[in-house]
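Here, each number is a calculation from the coordinates, and none is a lab measurement. As the structure is a computational prediction, the values presented were derived from the model and not from experiment. FYI the Cβ positions are ideal-geometry reconstructions off the backbone, even for glycines, and counts take in every protein chain you see.
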Amino acid sequence: MSRYFPPPAECGHHTLFGNIPARTYAGDHLQLSLVDIPADGVVEWHSHPNEQIGVVIDGRAVFEVGDEVRELGPGDFYLIPGGVRHRVTPAGGPARALDVFYPIREEYR
């Protein structure tokens, strides 16, 4: 495997919340997670100590972060501070998002 150009088969592959596939790759300090939320998928309420920042790539999704709710679409950014509860629900079909975590979430390496 090339550290600089990992093929998809050699990245981390995880299933989140029952039916949400995610592909991950981590460097020394940052981690990317490409998440495909199916139309019937929900990233249920949870929190983690890691800071999370991301962008919606395709589709639309409702992000609930703390006490704020916003429907986001392609090109929209979001920030989820460590320790803040959040939930994501697709709106009108599947959605794809790219998350960046700091520090790395070891359970999703």
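What dipole magnitude, in Debye to the nearest 20, does the chain give about its Cα centre under +1 on Lys/Arg Cβ and -1 on Asp/Glu Cβ? Show your work: numbers first, answer last.
Working: 9 positive and 15 negative charges, 38 e Å.
The dipole magnitude comes to about 180 debye.
Could you tell me which of G54, V84, V42 has its Cα farthest along the dipole of the chain towards the positive end, charges placed at Cβ (Lys, Arg +1; Asp, Glu -1), taken about the Cα centre?
Final value for the positive-end residue is G54.
Using amide H atoms built in the peptide plane, which far-off residues or other-chain residues are under 5 Å from D76 H to H?
It is V56, by chain and number.
Tell me, Kirkwood radius of the range 63-109 from alpha-carbon pair distances, in Å?
Values: mean 1/r = 0.0812 Å⁻¹.
Averaging 1/r across every pair of different Cα atoms and inverting gives 12.3 Å.
G82's amide H: which non-local residues (gap 5+, or another chain) put their own amide H closer than 5 Å, with H modeled 1.01 Å from N in plane and none for Pro or chain starts?
Placed amide hydrogens put E51, Q52 under 5 Å from G82.
Give me the Å³ per residue figure for the convex hull around the C-alpha atoms of the chain. Working shown, then result.
Numbers: hull volume 10.5 nm³, N = 109.
Dividing the Cα hull volume of the chain by its residues yields 96 Å³.
Work out the charge dipole of the chain with +1 on the Cβ of Lys and Arg and -1 on the Cβ of Asp and Glu about the Cα centre, then indicate which of Y102, F17, Y4 is farthest towards its positive end.
Value computed over the given set: Y4.
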